[in-house]
Each structure stands twice: as structure tokens, then as C-alpha cells.
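The values are calculated or read from the model by the stated rules, or taken from the named source; none is laboratory data. Computed from a predicted structure; not experimentally measured. Positions of Cβ are backbone-derived with ideal geometry, glycine not excepted, and every protein chain shown enters the neighbour counts.
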Amino acid sequence: MPLQNFQYKGSQLHCEGVPLRAIASTAGTPVYVYSSRAIRDNYRAYRNSLAGVPHEIHYSVKANSSLAVLALLASEGAGFDIVSGGELYKVLRAGGAPAKVVYSGVGKTRDEIKYALEERIATFHCESLQELDVLKHLAREMGLAPTVGLRVNPNIDAKTHPYIATGLSEHKFGIALHEAESIYRDAKEWAPLQFTSLSCHIGSQVFDTHVFGEALRQMLGLATRLGDAGVAIRTIDLGGGLGVGYEADQPSVSIRSYGRMLSEVLRGTGCCLGLEPGRSIIGQAGTLLTQVLYRKLAPKKTFVVVDGAMNDLIRPALYRAHHEIVPVSRSDGPRTECDVVGPVCESGDFFATGRSLPPCAAGDLLAVATAGAYGFVQSSNYNSRPRAAEVLVEGDRFRIVRNRETREDLVRGETL
């Protein structure tokens, strides 16, 4: 089962030392449940595997921006990779240090850039000449000299889903390598901006780690050429994207092996390695609990209708993404092929189609696996459905870290 620190004890599925049935009884369903131990273990795997080289680990906030998750990682010493002013606000509210924040993204607004400058974040990863121009003029107005790195597009095919591939020349992200090199060589014209880093990100759900090595070698080659031209590059940020197993027979990429491979490429270069892991830290640390409402027998299909829906977890509808689904109370009865669907009025509202599941009836609980990343953060109020609660498990205790939305929340901010 592609979940970390979730296991059956007797017939009941637990997260660490807590039975999931107890969480559902207290918090209701649907509810996201995260293992604090799994989050810590994954972050520490990155930190320990890179211990032999200078490095900075910035958790990718877009994967899961729960304040409790951010605070847990801040307590571990993590930095943060943000893509919006809202994410910066949440990082600061969670106790994250602005001096450990890097700001990525292709569409930063003027107000967002000003906010990040005011908070004195560590680095801006810029993706166009116009963005650089806005940053330069704001920095001059505010009397600041921010650190900048261009996001270079290495034109490497990461062999992943087209919606989450970012490293080819036809993608909206980054600046072509030859154009970036020219900008760095003219760095003095962009004063007071300080060009001290290089950034790239080739995509998500990448299982062939050799492409990361290829990208790092490209960046190191560019850093060497720039150094010869008098532009000293201190940090090479390789982004995130490490593959996580979603299917029962699909293993995740070893964080430790990945870190050791990058360390070997980087060792002796004098550069600091930046990484921005998100999914590989939080993905398998979380599940979505949902309750069966009805078992509907149609002429050609069996439908298991649950109280979770595409507004709670959109990945299956958006990407045709696979999530393992397991019963919270283990059953050894005969399995049936069925579609697991939600209440939203869309044919695309499903968690699984043609899935073989053990017997389940109204009131039973199901766990949708590997839902820690890009689950709650992509949720919505579609069909005027309140968003789910979130729970963080710590050993044999748990706490609700986000209350379930109420009907009153659905109209907050609206006027007649």
C-alpha cells in the first residue's frame, strides 16, 4: 500500500498509533489525515543524504500548504519554495524564516514582488525579462539589492504527464539556456539585482533520476562559463519532481539514493545545491478518508457512492491519476469490480473506475491513498460543498489542524 506509517493492526487501518476509524468519528468525513512521522522521515532523508555537500532544502509549498505541515517542517529547519504572495503569507504565519524562502513562478504580480521584497526573502527565481525589469525597478525604489537566479529551461524531456512536465522549450516555464547566459553576462546592467544562483525544474513525477543528473551537469557547465566571465554562481537550484509511487506495485524513488547521486555530481565544484521537494515529502504521508453512502447496481456497472468528491480530490478527474483505495476495516470477502464516485453533478466525479474492491456497504470507510500532495490544496467549493477537515497524527495522538468548513463559510465575503 503506497502510504507511509499507515498499516493494519488487526482488522483496522491505523496512521501511526491511531485507528483511522477514531479520526473519522471525531472529525467526520471526508477528512485528510497526515502522518507527522512520515513527513519528518522524508525531510530528514533529504537532509542526511546531502550531508556531504553544501545544500539548501526548500519544501515546495504548493504541494500542501497546511499551516500545521509548514510549521512541522519549519521546526525541522526546512526552507520554503513559494509561487505566490499567499504562500509567503502562510509560511510566515507558520513560523518559517523569510531568509529561507525562494520565490518561483512565471506570473508574479508587482504587489507580490513588493511584498516579498519587504519581507526580505532569500532569492527570486525569475522567468522573463519583463519580470526582471519589474523586480529591478521595485528594488531601486526600496533601496534593496535582492538575490536573483534565472530559471533556466534545459530542454530535457522528463518523460512524465504532459500537465506536469516543465523542462521542454515549448513549456511556459523558464528562459532558454542561451538567452539566460546572455542575461547573466550583462548582470551589471541589472543593478541592484545580484545574480548569484541558477535555477531549473524539469517536471514532476520523474522516476528516471539520470535526467536530474543531466540537468545538474548542464547547470554546472553554465556556472563554469559564467564564472570565467566574472559572474560568480554560488547556488544551483534543481527544483523538485522526484517520483512517488501511487499504485501498489509502483515503488517510489529512493530519496537517499537520489541525494547521494546528486552529491557525487556536485562534490568538489564549490557550489551549493538547492532542492525544492514537495510531493516526495508529503505525498505518501497523507490519505483522504471518505464514507460510503450507497452501493448502486446499474445494468452494466456497480457504483460505490462516497461522500468525498472531485471538489475534495480532483487529481483523478484532472489527470486520470491513480490512487489506491483500501477499506479502513479490512475484509477478506470476494472482490467486485466497481466505480468509486462522489456526489458532484459531473460524470468526471470519480476516484476510481473499474477498480476491484472488497465488499463495502453504506457506512463503511475507505482510505484514498497517497493524497498528501495536491489534494486539499487543489480542493474547491464546487457544488457549494464545504471543504474537508485536515488532521495531523503524532504518535498515538491526533489533532484537527483545519476545521471542516460550514455552510456559513460558503457565503463569507459575499453580499446580496
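If you go through the range 328-346 one residue at a time, do you hit one that is outside any strand (DSSP E or B), under 22 Å from Y8 (Cα atoms) and among the acidic types (D, E)? Among the residues of the range 328-346, at least one is outside any strand (DSSP E or B), under 22 Å from Y8 (Cα atoms) and among the acidic types (D, E), which makes the answer yes.
The set of residues in the range 118-145 being outside any helix (DSSP H, G or I) and in contact with a strand residue (DSSP E or B) (Cβ under 6 Å, 6 or more places away or on another chain) consists of I121, A122, T123, F124, H125, C126, E127, A145. Residues of the range 330-347 that are out of contact with any helix residue (DSSP H, G or I) (no Cβ under 7 Å at 6 or more places or on another chain) and buried (at least 16 other Cβ atoms within 10 Å of the Cβ): C338, D339, V340, V341, G342, P343.
With respect to being modelled with pLDDT under 95, in contact with a Cys (Cβ under 8 Å, 6 or more places away or on another chain) and either closer than 29 Å to N381 by Cα or not acidic (D, E) (or both), S347 falls outside the description.
For residues in the range 104-137 being more than 22 Å from H178 (Cβ to Cβ) and polar (S, T, N, Q), which is nearest to the chain's Cα centre (by Cα)? Top of the filtered list is T123.
Here's the yes/no breakdown for (1) touching a Cys at 6+ places or on another chain (Cβ under 8 Å); (2) basic (K, R); (3) part of a helix (DSSP H, G or I):
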{"position": "H178", "(1), (2), (3)": "no, no, yes"}
{"position": "T196", "(1), (2), (3)": "no, no, no"}
{"position": "T224", "(1), (2), (3)": "no, no, yes"}
{"position": "I236", "(1), (2), (3)": "yes, no, no"}
{"position": "G239", "(1), (2), (3)": "yes, no, no"}
{"position": "S252", "(1), (2), (3)": "no, no, no"}
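Just one of the numbered conditions (1) in contact with a helix residue (DSSP H, G or I) (Cβ under 8 Å, 6 or more places away or on another chain); (2) free of Cβ contacts under 8 Å to residues at least 24 places away in the same chain; (3) within 30 Å of L150 (Cβ to Cβ); (4) not assigned by TED's automatic domain parsing to the domain that holds V134 is not true of F80; which one? F80 satisfies all of (1) in contact with a helix residue (DSSP H, G or I) (Cβ under 8 Å, 6 or more places away or on another chain); (2) free of Cβ contacts under 8 Å to residues at least 24 places away in the same chain; (3) within 30 Å of L150 (Cβ to Cβ); (4) not assigned by TED's automatic domain parsing to the domain that holds V134 except (4). Residues in the range 186-222 that are surrounded by 21 or more Cβ atoms within 10 Å (Cβ to Cβ) and either free of Cβ contacts under 8 Å to residues at least 60 places away in the same chain or not assigned by TED's automatic domain parsing to the domain that holds K136 (or both): F195, L198, C200, I202, G203, V206, F212, L216.
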